[in-house]
Amino acid sequence: MASYELGSLIWRIKGDSSDYDKKIQATSNKLTKFGDKAKKVGKSLTTFVTAPLVGLGVAGVKAASDLEESLNAVNVVFGDAADIVNKFGEDSAENVGLSQAAFNGLATTIGSQLKQSGLSIDTVANQTNELTTRAADLASVFNTEVDDALGALGAALRGESEPARRFGVNISEAAIQSEALASGLVKSKDEITEQIKVQARYNLIMKQSDQVAGDFANTSDSLANQTRILKSDLVDVAAQLGEELIPLATDMVSGLRDLVSWFGDLDEGAQQTVVVM
């Protein structure tokens, strides 16, 4: 009787142990498969999530850096009148189809030229905004880019007449002399200085392009102008993301990818310990 009970006990222990071994092996196999999947997930996060976010982060950080540099340039060129330009630049995407950084970059060039007129810095700042707005109107009518049109107007301010001709603006020496006299800037041709010429050129640009004034705003719902606005808005948003959000998002996803990859590289025993814990 005792021998039978002992044999039965041994059989049950061996049988139970065998079942336990099978369960351990099955669990081990599952953990191995999970580890393989974890590695794949880690790679997928790198390929489909982390890499694009890092790419967007790089673009955003660059946009933020460009904006910061452009704001500094505006402050240097316009000094006490920088707020006039900066306020316009905050809505430059909707106003003229330029991102804030792009507008600032162009404004500092135009402003530097207009400062040669000898007028007050506040007047120079306002004229910069007005000339950029007129360039957007010309770009809308002639179906070109705003920076292209503004570049031509900037050349006209320097006395280079040819680039602006395709926009219907003629800045010849004779026209400059006539404008200086007619507008009362001087009383005789002998009084015309380089400062007077800059003022006269600005007046001629605005007068000769007056027929297109307001076209960008009036046709802002057109495909071409909507595209300009959208592209500029995206650059502005990228700059904001680069300044505030992208570094945080990149760190978070990178940390998650590292965690999953770390678990996938553990041996089976370590993985089982982690799961139990």
Fill in the blank from the handout: Of the conditions (1) in contact with a Leu (Cβ under 8 Å, 6 or more places away or on another chain); (2) farther than 22 Å from LYS231 by Cβ; (3) open to solvent by less than 30 Å² (accessible area, probe 1.4 Å), the single one that VAL186 does not satisfy is (1)
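Out of curiosity, is ALA213 of a type in the set (A, V, I, L, M, F, W, C) and crowded, with 23+ Cβ neighbours inside 10 Å?
On the way: of a type in the set (A, V, I, L, M, F, W, C): yes; crowded, with 23+ Cβ neighbours inside 10 Å: no.
Spelling it out, it is not the case that ALA213 is of a type in the set (A, V, I, L, M, F, W, C) and crowded, with 23+ Cβ neighbours inside 10 Å.
Conditions (1) part of a loop (DSSP other than H, G, I, E, B); (2) surrounded by fewer than 19 Cβ atoms within 10 Å (Cβ to Cβ), marked per residue:
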position: LEU119; (1), (2): yes, yes
position: ASN126; (1), (2): no, yes
position: LEU150; (1), (2): no, no
position: GLU160; (1), (2): yes, yes
position: ASN170; (1), (2): yes, yes
position: LEU181; (1), (2): no, yes
Practice task
Please list, ordered by first then second residue, the pairs with beta carbon atoms under 6 Å, 6 or more apart or interchain, first in segment 147-164 and more than 16 Å from THR133 (Cβ to Cβ) and without any contact (Cβ under 8 Å) to a residue 24 or more places away in the chain, second in a helix (DSSP H, G or I) and of a type outside the set (A, V, I, L, M).
Solution key: ALA155/PRO163
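The values are calculated or read from the model by the stated rules, or taken from the named source; none is laboratory data. These numbers were taken from a predicted model, which means no experiment stands behind them. Cβ sites come from the backbone with ideal geometry, for glycine too, and all protein chains shown count toward neighbours. When the accessible area is computed, the model is the full protein with side chains, heavy atoms only, and any ligands, DNA or RNA have been set aside. Shrake-Rupley method; radii C 1.70, N 1.55, O 1.52, S 1.80 Å.
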